[in-house]
Amino acid sequence: MKIFIKNMVCGRCIAAVSAIFEEFNIKITQIALGEVEIDGEVSKTDIQLIENRLNETGFERIKDATHQLVDKIKNLIIIKIGKLDIDENFLLSKFLSVELHKDYSSLSKVFSQNENITVEQFFILQKIEKVKELLLYNEFNLTEIAGKLGYKSVQHLSSQFRSTTGFTPTEFKKLKVHNRKSLDMVQETEAKN
């Protein structure tokens, strides 16, 4: 049985969700971002208890196929950005179509209708959050960051960063409060603004 879970965006999320299933002595056969496969069936009572525990911890069970698809799109984008290996010729449309075996226009439409933001906007917001993180850690300079996140130039990165945050990357680094958002909250807060 597969259970789809919203807001699983990192390895710590996988560990937290895994611990919840262990609390209820439910054996997981496979776990990945956004989904848990369990051995056998689980009673409705146990499912409800798990859902309540997931909600307490900031997760949410996804019951319908549309929301499962949207969550898969988000997770694929977050994982891709996290790997820091986006080529400057990277095409989000091709990547998602290949990964999900679906036509990009239908994926894009479903995403926009459910999130009130386009897939491309979500991708940009996620990249900007990653840029913020990398700037604060001082591991890479701006040229290296641009290369790792698929920007054709530092100027392109800086322009997109400024239009999204209101600051240049240099100004952002100098701020005392950096206003970073958790990855699962990026689209929600940005879409409202």
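Axis angle, to the nearest 10 degrees, between helix 11-23 and the longest C-alpha principal axis of the chain: 10 degrees.
Phi-derived couplings, Karplus 6.51 cos²θ - 1.76 cosθ + 1.60 at θ = phi - 60°, listed residue by residue for the stretch 77-94: 5, 4, 5, 4, 5, x, 6, 6, 9, 8, 6, 5, 9, 4, 10, 4, 4, 5 Hz, with x used for Gly and Pro. Residues whose amide H comes within less than 5 Å of that of G150, counting only those at least five positions distant or on another chain, are I86 (H built at 1.01 Å from N in the peptide plane). Annotation: D87 carries an accessible surface of approximately 90 Å², with a 1.4 Å probe and no ligand, DNA or RNA atoms counted. Across the chain, the mean sequence separation of Cα contacts (distance under 8 Å, 6 or more residues apart), normalised by length, yields a relative contact order of 19 percent.
Each residue, Q48 and K94, gets one label point 7 Å from its Cα in the Cβ direction; the gap between the two is 5.0 nm.
In plain terms, the bigger the Kirkwood radius, the slower the diffusion; for the stretch 1-61, with that radius from Cα pairs, at 25 °C and 0.890 mPa s, Stokes-Einstein puts D at 218 µm²/s. Helical runs assigned H by DSSP (4 residues or longer) give the chain a calculated mean residue ellipticity at 222 nm of -18500 deg cm²/dmol, each run adding -39500 (n - 2.57) before division by the residue total. For the stretch 65-173, the fraction of 1.4 Å probe accessible surface lying on carbon and sulfur atoms is 50 percent. Solvent exposure of the chain amounts to 55 Å² per residue of accessible area, where only protein heavy atoms count and the probe is 1.4 Å. In this Cβ point-charge picture (+1 for Lys and Arg, -1 for Asp and Glu), the chain has a dipole of about 660 debye about its Cα centre.
In this structure, the amide hydrogen of K6, modeled 1.01 Å from its nitrogen in the peptide plane, lies closer than 5 angstrom to those of E60, R61, I62, counting only residues at least 5 positions away or on a different chain.
Computed over every Cα-Cα pair of the stretch 1-131 and binned at 5 Å starting from 0, the pair-distance distribution P(r) comes out as 2, 10, 19, 21, 18, 13, 10, 6, 1, 0 percent. Annotation note: trypsin sites (Lys or Arg not before Pro) in the stretch 1-72 located in DSSP loop regions with a Cβ neighbour count of at most 13 within 10 Å are K27, K63. Per-residue Karplus couplings for the stretch 142-156, computed as 6.51 cos²θ - 1.76 cosθ + 1.60 with θ equal to phi - 60°, are listed in order as 4, 5, 5, 4, 4, x, 6, 10, x, 7, 6, 7, 5, 4, 4 Hz, Gly and Pro entered as x.
The charge dipole of the stretch 46-136, taken about its Cα centre with unit charges on the Cβ of Lys, Arg, Asp and Glu (plus for the first two, minus for the last two), comes to roughly 100 debye.
In the stretch 65-173 the Cα-Cα distances spread across 5 Å bins starting at 0 as 2, 12, 23, 23, 17, 13, 8, 3, 0 percent of all pairs. Of the GluC sites (Glu not before Pro) found in the stretch 131-171, those in coil by DSSP whose Cβ has at most 12 other Cβ atoms within 10 Å are E139. Evaluating 6.51 cos²θ - 1.76 cosθ + 1.60 at θ = phi - 60° for every residue in the stretch 96-112, the Karplus couplings come out as 5, 4, 5, 5, 9, 6, 9, 5, 4, 4, 6, 4, 4, 5, 4, 4, 4 Hz, glycine and proline recorded as x.
The values are calculated or read from the model by the stated rules, or taken from the named source; none is laboratory data. From a predicted model like this one, the values you see are computed outputs, not experimental measurements. Using ideal geometry, Cβ is built from the backbone for each residue, glycine included, and neighbour counts are taken over all protein chains shown. Remember, those area values only see protein heavy atoms, side chains included, never the ligands or the DNA or RNA. Shrake-Rupley method; radii C 1.70, N 1.55, O 1.52, S 1.80 Å.
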